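Student: Here you go, one structure.
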Amino acid sequence: MRDVAVNGKLIAKIYKGSDMKTVKIVLIVLAVLGAVGLIPICIVSAIVIPQFTEASNEAQLSSLMTDLQTMHSQIELYKIQHNDNLPGVVGGATFVEAMTGQTDIYGAVGTDYGPYVQKIPTNVFTDKDTVDVSGVGIIGDDSHGWDFNPKTGYFQADDSAEHER
């Protein structure tokens, strides 16, 4: 192990096997920044930037949970208005057509009920608004934004993040 100091202050400990080229680059950057008095800014940035990243992740999770709650409640409303049938299961309208358009009481494209949502929300973790309605897709493979099981009515995010409900 080797200590690295700038202006007499210990700034790093280098362990055997560390990439010396990277260490040299870091030292050059620190020396340049130290010459113009920017080391305190770098230290503050190193503390603050991870906090912004955590807040961003929490905001994304909050957005996802809001979208899930909206879709769950609108699927339930559809079910109530369509004789206990789930969207896209009977009547010929697809899941997306049933949720974003108008349908009759039998689930066919019509003018009696809906739309339930203006559009299918975009999953903030996959950046997709598609829905896998096969009921046999692999949850968490990021192939779609969402997964809807037409047998159970279960609607969930189709991404690998640790927030499956």
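Student: Please indicate, with yes or no, whether at least one residue in region 121-129 is within 13 Å of Met71 (Cβ to Cβ), touching a Phe, Trp or Tyr at 6+ places or on another chain (Cβ under 7 Å), buried (at least 18 other Cβ atoms within 10 Å of the Cβ) and in the same structural domain as Ala59 (by TED's automatic domain parsing).
Tutor: Yes - at least one qualifying residue is present in region 121-129.
Student: Go over the candidates Val117, Val90, Val96 one by one and state the one that is in contact (Cβ under 8 Å) with a residue 12 or more places away in the chain and either in contact with a Cys (Cβ under 9 Å, 6 or more places away or on another chain) or outside any loop (DSSP other than H, G, I, E, B) (or both).
Tutor: Testing whether each residue is in contact (Cβ under 8 Å) with a residue 12 or more places away in the chain and either in contact with a Cys (Cβ under 9 Å, 6 or more places away or on another chain) or outside any loop (DSSP other than H, G, I, E, B) (or both) leaves just Val96.
Student: Answer with yes or no whether Met65 is over 16 Å from Ser160 (Cα atoms) and among the aliphatic types (A, V, I, L, M).
Tutor: Against the criterion (over 16 Å from Ser160 (Cα atoms) and among the aliphatic types (A, V, I, L, M)), Met65 does not qualify.
Student: What are the residues in region 119-133 that are in contact with a helix residue (DSSP H, G or I) (Cβ under 7 Å, 6 or more places away or on another chain) and within 20 Å of Ser73 (Cα to Cα), if any?
Tutor: Lys119, Ile120, Pro121, Asn123, Val124, Val131, Val133
Student: Now a separate question. Considering only residues that are assigned to a loop (DSSP other than H, G, I, E, B) and modelled with pLDDT of 90 or more, look in region 134-151 and name the one that is farthest from Leu77 (Cα to Cα).
Tutor: His144
Student: Check region 121-129 and report whether any residue there is of a type outside the set (Asp, Glu), within 13 Å of Gln156 (Cβ to Cβ) and more than 20 Å from the chain's Cα centre (by Cα).
Tutor: Looking through region 121-129, none of the residues is of a type outside the set (Asp, Glu), within 13 Å of Gln156 (Cβ to Cβ) and more than 20 Å from the chain's Cα centre (by Cα).
Student: If I filter region 71-96 down to residues being within 14 Å of Pro150 (Cβ to Cβ) and charged (D, E, K, R), which single residue comes out as surrounded by the fewest Cβ atoms within 10 Å (Cβ to Cβ)?
Tutor: Asp84
The values are calculated or read from the model by the stated rules, or taken from the named source; none is laboratory data. Everything quoted here is computed from the prediction, not taken from an experiment. Here the Cβ is made from the backbone with ideal geometry for all residues, glycine too, and neighbour counts use every protein chain on show.
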